[in-house]
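A.B. asks: So that we are looking at the same thing, I have put the structure below in structure tokens.
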Amino acid sequence: MSNPDLLLVGAGHSHLGVLRRWARGQRPPGRLALLSDSPHAWYAGRLPGLLAGRYTETDCRIELAPLCHAAGVELLQGVVTGLDADERRLALADGRTLQASWLSLNVGAAPPAPEQRGGGMQVLGVKPFAAFLAAWSEWQRDPQPLAIVGAGAAGVELALALAGQVPELSQFCAGALLEGGSPGLRLRALGHLRQRGVSGREHCPISHIEGQTLYSDAGAVWHGPRLLLASGSQPLPWLTHSGLVCADDGFIQIGRTLQSHSHPRIFASGDCASLPDAPRNAWQATRQASQLAANLSAVLQERPLARYRPPRQRALLVATGDGGALLDWNGWSAGGRLCGWWRDLCDRQFILRHQV
Ligand SMILES: Cc1cc2nc3c(=O)[nH]c(=O)nc-3n(C[C@H](O)[C@H](O)[C@H](O)COP(=O)(O)OP(=O)(O)OC[C@H]3O[C@@H](n4cnc5c(N)ncnc54)[C@H](O)[C@@H]3O)c2cc1C
């Protein structure tokens, strides 16, 4: 393919929404392409359920080829290793380069890894999902004590899904468990974790790993063979060196039109972007899709761009790995099977909406 007019990079939540809208007939004119490192997009919300044995892999991912075909977008497969923002040129792991008149980045983020001194401990990040799932199935052949770093919604869901699958499970987080959640939600989550035998430690940032020992500033906090990283997120290294201006948190600084502050021909959305009042999660990335689709169409047709106002997320549903879920709604919490049914319905609808 010759250089596209617009290249969507990464099959994140925002780009899936863009493709869905274009498949419905709102496609702008021009040569459009999606670059993805995988033939499918994994849906993080169902990953804990997959690990708990509640879903199959096909329940948790969206095939990109039919969606791209319906949207009139060429699907390119490759792993980005570098970006020159001035030239809008991407370097791929296989040596190819790709350039486009307009770029849209929706490549997510990765959990930060503590410094590892010496070998001894096996360390696995929860992203990229395909690599994580392959390594996890290897680990499952020989279950060993496990520590999880991170106790946001993803970390708690993973701990509840994996408890019982390993001989001992410990969880560490830099702040409070489910920070930002209501006290009721936190109490309910603590109850579930205790019931499943997960030993947790809050306000315990992990500084480094030495051999098979985890250290915080206060000293050694855990000794064991395996560590799973599910904490916060940090920008992908190749974005940091791209020349794009980044915010204080290290992510691409964008404005209300979802364009980079420094390079307006580059859009960014979801976890890889930094926008005031827009927390980094799948819900927010999904909400950005409609604005992104409209603005990408607008630049290709030289129309004025609209401004995105991040909506406030009122409900949070945390899956408990047993078919139930915990609900946090404006500071009010609940839990049980009905919440689990609601959570499953939301996840199922997301997958179905993007299946062609
Ligand atoms: C286990 C788990 C459970 C979670 N549960 C929830 C939840 O219930 N609710 C919620 O709101 N959030 C949840 N999150 C957080 C959520 O997954 C992220 O906030 C969300 O996925 C971010 O979406 P995104 O569109 O920015 O990017 P992503 O969904 O991360 O997609 C990024 C895409 O870019 C691709 N990509 C990355 N690097 C490259 C590269 N170098 N080259 C080519 N392609 C690349 C990836 O393969 C992927 O397709 C969870 C996270 C985890 C880990």
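A.B. asks: Convex hull over the alpha-carbon atoms of the chain: what's its volume per residue in Å³?
C.D. replies: With only Cα atoms used, the chain gives 135 Å³ per residue.
A.B. asks: Starting from the amide H of Trp102, placed 1.01 Å from N in the peptide plane, find each other amide H under 5 Å away whose residue is 5 or more places distant or on another chain.
C.D. replies: Correct list: Leu6, Leu7.
A.B. asks: Whole number please: convex hull volume per residue of the Cα set in segment 179-305, in Å³?
C.D. replies: Output value, Cα hull per residue: 163 Å³.
A.B. asks: Continuing with this model, one more query. Just the projected area, averaged over all directions, of the convex hull on the alpha carbon atoms of segment 115-232: how many nm²?
C.D. replies: Convex hull of Cα atoms, orientation-averaged projection: 7.0 nm².
A.B. asks: Now, a different point. Using a 10 Å cut-off on Cβ atoms, rank the peptides 28-41, 202-215 from the highest mean neighbour count down.
C.D. replies: 28-41, 202-215
A.B. asks: Once amide H atoms are built 1.01 Å from N in the peptide plane, which residues 5 or more positions from Gln171, or in another chain, come under 5 Å H to H?
C.D. replies: The answer is Ile148, Ser199, Gly200, Arg201.
A.B. asks: Next up: Sequence-distant or interchain residues sharing an amide H contact under 5 Å with Cys246, placed H: which?
C.D. replies: Placed amide hydrogens put Gln253 under 5 Å from Cys246.
A.B. asks: Also: Tell me the angle of helix 153-162 to the major Cα principal axis of the chain, expressed in degrees between 0 and 90 and rounded to the nearest ten.
C.D. replies: Value to nearest ten degrees: 50.
A.B. asks: For helix 183-195, what angle does its Cα long axis make with the longest principal axis of the chain, in degrees from 0 to 90 and rounded to 10?
C.D. replies: 60
A.B. asks: I've got another one for you. Could you work out the relative contact order of segment 236-356? I mean the mean sequence separation of Cα pairs under 8 Å and 6+ apart, divided by the number of residues, in percent.
C.D. replies: 14
A.B. asks: Follow-up question, since we're still on this one. Can you tell me, using C-alpha contacts under 8 Å and at least 6 residues apart, the relative contact order of segment 96-168 as a whole percent?
C.D. replies: 23 percent.
A.B. asks: Whole-Hz Karplus ³J(HN,Hα) for segment 132-148, in order, using 6.51 cos²θ - 1.76 cosθ + 1.60 and θ = phi - 60°, x for Gly and Pro?
C.D. replies: Once θ is set to phi - 60°, the couplings for segment 132-148 become 4, 5, 5, 5, 5, 5, 5, 4, 5, 5, 9, x, 9, x, 9, 10, 10 Hz.
A.B. asks: Continuing with this model, one more query. Defining a contact as two alpha carbons under 8 Å apart and six or more residues distant in sequence, what relative contact order in percent does the chain show?
C.D. replies: Once divided by the residue count of the chain, the mean separation gives 20 percent.
A.B. asks: Tell me, what is the per residue accessible area of the chain in Å², probe radius 1.4 Å?
C.D. replies: Here the per-residue accessible area is 44 Å².
A.B. asks: With only Lys, Arg, Asp and Glu charged, each at its Cβ (+1 for the first two, -1 for the last two), find how big the charge dipole of segment 115-232 is about the Cα centre; round to the nearest 20 debye.
C.D. replies: Value, rounded to 20: 280 debye.
A.B. asks: HN-Hα J couplings of segment 206-216 from phi, Karplus 6.51/-1.76/1.60, θ = phi - 60°, integer Hz, Gly and Pro as x?
C.D. replies: These are the phi-based 3J(HN,Hα) values: 7, 8, 6, 10, 10, x, 9, 10, 8, 10, 10 Hz.
A.B. asks: Can you run phi through the Karplus equation (6.51, -1.76, 1.60; θ = phi - 60°) for segment 37-50 and list ³J(HN,Hα) in whole Hz, with x for Gly and Pro?
C.D. replies: After applying 6.51 cos²θ - 1.76 cosθ + 1.60, I find 7, 8, x, 10, 9, 7, 9, 4, x, 9, 4, x, x, 5 Hz.
A.B. asks: So what's the angle, to the nearest 10 degrees on a 0 to 90 scale, between helix 282-300 and the longest Cα principal axis of the chain?
C.D. replies: So the inclination is approximately 10 degrees.
A.B. asks: Out of the total accessible area of segment 115-232 (probe 1.4 Å, heavy atoms of protein only), what percent is carbon and sulfur?
C.D. replies: Solvent-exposed carbon and sulfur of segment 115-232 make up 51 percent of the total.
A.B. asks: Place +1 on the Cβ of every Lys and Arg and -1 on the Cβ of every Asp and Glu in the chain, take the dipole about the Cα centre, and give the residue among Leu133, Val107, Cys339 whose Cα lies farthest towards its positive end.
C.D. replies: Of Leu133, Val107, Cys339, it is Cys339.
A.B. asks: Per the Kirkwood formula on distinct C-alpha pairs, the Rh of segment 272-329 is how many angstrom?
C.D. replies: One decimal place: 13.7 Å for the Kirkwood radius.
A.B. asks: Please report the spacing between the Cα centers of segment 171-222 and segment 239-307 in Å, no decimals.
C.D. replies: 33
The values are calculated or read from the model by the stated rules, or taken from the named source; none is laboratory data. For clarity, every value in this text was computed on a predicted model and none was experimentally measured. Note that we place each Cβ from the backbone using ideal geometry, even for glycine, and neighbour counts take in every protein chain shown. In case anyone asks, the SASA skips ligands and DNA or RNA and just uses the protein heavy atoms, side chains included. Shrake-Rupley method; radii C 1.70, N 1.55, O 1.52, S 1.80 Å.
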